[in-house]
1. Can you work out the FRET efficiency for the pair Phe121 and Glu215, with r the C-beta to C-beta distance and R0 = 41 Å, to the nearest 0.05?
2. Stokes-Einstein at 25 °C, 0.890 mPa s, Kirkwood radius from Cα pairs: D for the range 12-248 in µm² s⁻¹?
3. Based on other C-beta atoms within 10 Å, arrange Lys163, Lys186, Lys223, Lys218 from fewest to most.
4. For each pair in Lys218/Lys282; Lys163/Lys282; Lys76/Lys163; Lys97/Lys163; Lys84/Lys282; Lys97/Lys209, compute the distance between the two Cα atoms and list the pairs where it is over 24 Å.
5. Give me the net charge of Pro214's neighbourhood, meaning all other residues with Cβ under 11 Å from the Cβ of Pro214; Lys, Arg count +1, Asp, Glu -1.
6. Checking the a/c ratio against 1.5 first, then a/b against b/c, what shape does the Cα gyration tensor give for the range 208-253?
7. Calculate the length of the line joining the C-alpha centroid of the range 11-30 to that of the range 204-259, in whole Å.
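Quick note: the coordinates plus some simple rules give every number you see, no bench work behind them. All of these numbers come straight from a predicted model, not from anything done at the bench. In this analysis, Cβ positions are derived from the backbone assuming ideal geometry, glycine residues included, and neighbour counts consider all displayed protein chains.
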Amino acid sequence: MEVIVTDPDLTLSHWVNPHVLREAGKLAHKFTQAEPFRHIVIDDFLTDDYCQRLINEFPDFDEKLAINEDGVVGAKAVREQIRKIGPAYRSLDELSKSAAFRELIGEITSISKLRHDPYYFGGGTHENRDGQSLDAHVDFNYHPVTRQHRRLNLILYLNPDWKDSWGGSLQFHRDPYLPPSQDEIKLVTPLANRCVIFETTERSWHGFKRICLPEGKKQLSRKSFALYYYTHTRPSEEIGPKHSTIYVPEHLPEWYTAGMTLEAGELQHIRNLITSRNQHLKRLYENIMQLNAQIHDFHYRLESTADVEQSPAVQNDIDDDQEVNIKRLLVQLTSAQRRVSELEASTSWRITAFLRVIKRTLFRT
């Protein structure tokens with residue numbers, strides 16, 4: 001596949017390792033057959049020289065870009081404006097949005113007409129420091145601006161040195177709600193120039209264990225580049241209700257048993273799990289409060305409209321636009337009530353169940 005990308009003198013093989021172009025058909029078969037959901041792991045994805053340029057230009061950790069979903073500075077920095085990083089990342093932006101590259105990814109995944117995200121919403125460079133984890137989750141399913149369907153995650157790792165024992169290795173789950181011994185989990189070590197492409201669906205659960213670097217390696221961090229592709233449509237059987245990222249907090253280790261003596265590290269692990277769970281709960285309850293406020297507003301507006309409708313003086317003056325607005329309010333009210341029910345069910349049973357188990361373990365009398 002010799003297609004021009006950005007420079008008239010450069011072809012796709014100048015950036016992407018030629019073996020990827022030659023083996024696209026084989027990679028497509030592996031993608032389709034992969035479990036627990038469709039994905040592919042491709043080593044030596046870019047040319048060696050170009051990957052090294054990306055590693056050399058990777059930006060320094062910036063706390064202003066490390067504000068997590070709970071509004072506090074965390075150990076993960078995400079830089080979406082990649083063109084400002086340097087020439088290698090400007091080239092990466094041009095490559096990722098080029099028709100040639102999108103056609104290549106489409107061939108590998110059998111998903112055509114892929115659309116590049118110019119906003120890099122949630123994407124760009126990701127840096128995770130020691131102590132950071134990522135609970136198993138499925139990603140948001142619609143782009144917040146374009147409203148397009150999110151279809152693929154493409155992650156390029158940029159870590160010359162990494163071991164699974166350090167944590168931070170990507171995990172694919174069949175069902176993270178199950179105990180780990182019953183779940184099907186695939187591990188992917190985040191080594192440099194390893195590219196992982198996987199479908200974004202309602203069952204593409206993924207995350208990674210807390211990073212715990214050994215002495216002598218504390219200066220390292222988990223570095224990657226993340227890119228998400230979208231389409232205007234998707235198969236009807238894959239379409240789900242619009243949602244944000246859905247997390248499943250980590251289970252209490254199965255080898256924790258009644259009567260065991262907790263070492264300092266084990267106790268800290270439990271504290272970390274409780275902190276993470278509490279943050280999820282806080283965010284969910286805030287979401288519920290916002291939705292309840294919307295429901296209250298919808299009720300008030302509907303009651304106000306009903307009062308107007310019942311007034312003999314204006315009963316005959318209601319036009320088609322007002323009827324449309326009333327119907328729209330009813331739809332919004334029903335949707336908000338359904339979302340509240342879903343969140344409350346999730347919070348009451350799945351989210352808090354684990355917390356109750358931990359509290360009974362720590363504070364049993």
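1. Efficiency computed from Cβ-Cβ geometry: 0.65.
2. It comes out at roughly 134 µm²/s.
3. Lys218, Lys163, Lys186, Lys223
4. Lys218/Lys282; Lys163/Lys282; Lys97/Lys163; Lys84/Lys282; Lys97/Lys209
5. +1
6. In terms of gyration-tensor shape, oblate.
7. What the calculation gives is 27 Å, centre to centre.
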